[in-house]
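Okay, structure first, notes after.
A short reminder: the numbers here are calculations on the coordinates, not readings from a lab. Worth saying up front: this structure is predicted, and the values here are computed from it rather than measured. Here the Cβ is made from the backbone with ideal geometry for all residues, glycine too, and neighbour counts use every protein chain on show.
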Amino acid sequence: MNNMDIDHDLNNLLEIEEDEEDEILLSPATLVKIIEEAWLNEKFSPEILPNKQEYVDLLLGQLAAMDDNLENASDRDIKKGVHQLEVDRLKFLVCSYLRTRLEKIETYIEHILKQENERIEKGEEMYLTDAEFNFANNFKEGVDKHFDNLMGIHPTMPISWKNQIVQPNINSFVFAKSKADIESILIDEGNDDETVYVNKDSQIIISYNSVSNLVKNGDVQLI
Amino acid sequence: MALRYSNCRNVWRKALELIKELDRCTGTLPPYNSDLVSEVNNEIKHLIESNLEDARLDEENRSSGDVSLLPTIICRHSAIARNFRCLLAYHYNRLRCIRTMRWEFGGILPPDIKENLSQLELEWFSKYSNSLAQYMRSVGEEGINLTVNLKPPKSVHIEVRCLVDYGKYEMNNGTIVFLKKNTRHFLPRLECEELIRQGVFEHVVS
């Protein structure tokens with residue numbers, strides 16, 4: 001393997017074929033940008049967002065390929081260090097993104113599982129990946145078992161504590177940047193007149209609740 | 001009917017002591033205080049039983065228009081709820097702390113920390129550890145270790161000082177380095193990250 005291969009990797013990473021007919025071309029730069037945005041959104045939004053599993057898997061696949069190429073590159077080459085750093089940066093990005101999601105799952109375990117189960121019932125797409133869902137169920141099982149063992153102090157013990165679940169504060173304020181012209185954002189749900197118009201690329205501080213749908217469909221980027 | 005003030009007065013002390021104990025040791029895990037926990041448990045048991053008894057009496061008195069027991073019952077009830085919350089907070093925050101340790105030390109805890117965990121917590125830890133490992137294996141094609149890459153990298157190599165006589169250490173690329181106390185090394189960051197967490201290395205920031 002020589003440097004040409006690594007350069008080739010970085011510059012012209014991938015070409016995904018989703019279906020035979022439905023071919024999507026995704027440049028590596030776009031892929032990284034998608035993950036970066038997902039990471040920022042996940043970091044700043046109070047609730048868990050729909051997963052980006054396909055992109056994460058793609059990037060991980062690419063990173064593995066690049067790792068292989070780097071292993072074969074000569075240690076003396078000055079370019080190797082630069083590439084290595086870039087690969088490390090991307091790894092941090094993916095790891096941090098996945099970690100943030102796990103932390104949210106752990107903190108809001110009851111709330112998230114309840115929502116996911118509602119989504120399953122309605123046949124909507126789930127926010128968690130299969131692996132995350134498994135993890136969440138295992139985690140809940142463990143915590144439930146732990147507290148059931150601890151709190152069985154008295155047979156007539158009230159069990160109302162089980163209903164007090166930790167919920168994300170979706171009304172917390174977030175910094176957001178608009179990626180498109182948005183006609184109207186409803187600020188006050190009870191009152192239809194309270195809307196704002198947001199230009200493309202303008203930045204606002206707003207209650208997360210008002211933009212949650214826009215964040216999920218990608219019109220607004222949290223910063 | 002004497003109100004049992006004498007044992008009501010100290011009702012919240014013990015539970016509060018649990019919380020204070022955790023609060024004093026932020027970032028570290030104090031030994032599981034099973035004595036105090038069982039004292040609080042007994043206190044709750046005691047309160048519940050006296051309340052049940054008084055509730056029965058109150059029912060009888062109610063017919064003659066006597067509601068003098070009601071305030072006591074309400075008082076005890078909120079004491080129970082409060083103790084309960086304290087217990088929940090104590091245990092939940094310990095779990096959070098143990099969870100953080102899973103990320104720092106990996107699946108096997110150092111013995112001195114292990115001593116501080118209760119049996120139930122040890123069980124919880126191994127379950128958590130397993131499900132986390134299972135999750136990390138199932139991401140991507142080959143799995144991914146999320147416990148490394150905790151900070152955004154600034155350079156590929158970092159300078160570290162060795163704090164203990166570690167002996168030989170084989171790096172991922174097969175190179176063997178000899179780690180002696182007080183020696184300085186310039187090594188790939190990835191290799192160091194875990195050793196730093198284990199206290200073998202100290203990151204030298206120049």
Direction-averaged shadow area of the convex hull around the Cα atoms of the protein assembly as shown, nm²?
30.2
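How big is the dipole moment of the protein assembly as shown about its Cα centre under a simple scheme where the beta carbon of each Lys and Arg is +1, that of each Asp and Glu is -1, and everything else is neutral? Debye, nearest 20, please.
On the way: 49 positive and 73 negative charges, 572 e Å.
Magnitude of the dipole: close to 2740 debye.
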Near the amide H of B:HIS157, under 5 Å away, which other amide H atoms are found, from residues 5 or more places off or on another chain, if H is placed in the peptide plane?
B:ARG189
Per-residue ellipticity at 222 nm attributable to helices in the protein assembly as shown (runs of n ≥ 4 DSSP H, -39500 (n - 2.57) apiece, nearest 500 deg cm²/dmol) works out to -18500 deg cm²/dmol
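Provide the gained length on full extension for the span B:LYS154 to B:LEU122, in nm with one decimal, where the gain is 0.36 nm per separating residue minus the Cα-Cα distance.
Working: separation 32, 0.36 × 32 = 11.52 nm, distance 3.67 nm.
Difference between extended and current length: 7.8 nm.
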In which sequence would B:ARG82, B:ARG102 go, from the one with the fewest C-beta neighbours within 10 Å to the one with the most?
B:ARG82, B:ARG102
Work out the charge dipole of chain B with +1 on the Cβ of Lys and Arg and -1 on the Cβ of Asp and Glu about the Cα centre, then indicate which of B:SER131, B:LEU87, B:ILE73 is farthest towards its positive end.
B:SER131
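How do A:MET126, A:MET66 line up, fewest other C-beta atoms within 10 Å first?
Numbers: A:MET126 15, A:MET66 22.
Listed from fewest to most nearby Cβ atoms, that is A:MET126, A:MET66.
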Scan around A:LEU222 for amide H atoms under 5 Å from its own, H built in the peptide plane at 1.01 Å from N, and keep only partners 5 or more places away or cross-chain.
A:ASN41, A:LYS177
If we count other beta carbons within 10 Å of each Cβ, what is the order of A:PHE173, B:PHE201, fewest first?
A:PHE173, B:PHE201
If one computes P(r) from the Cα atoms of region B:54-136, what percent of pairs lie at distances over 18 Å?
60
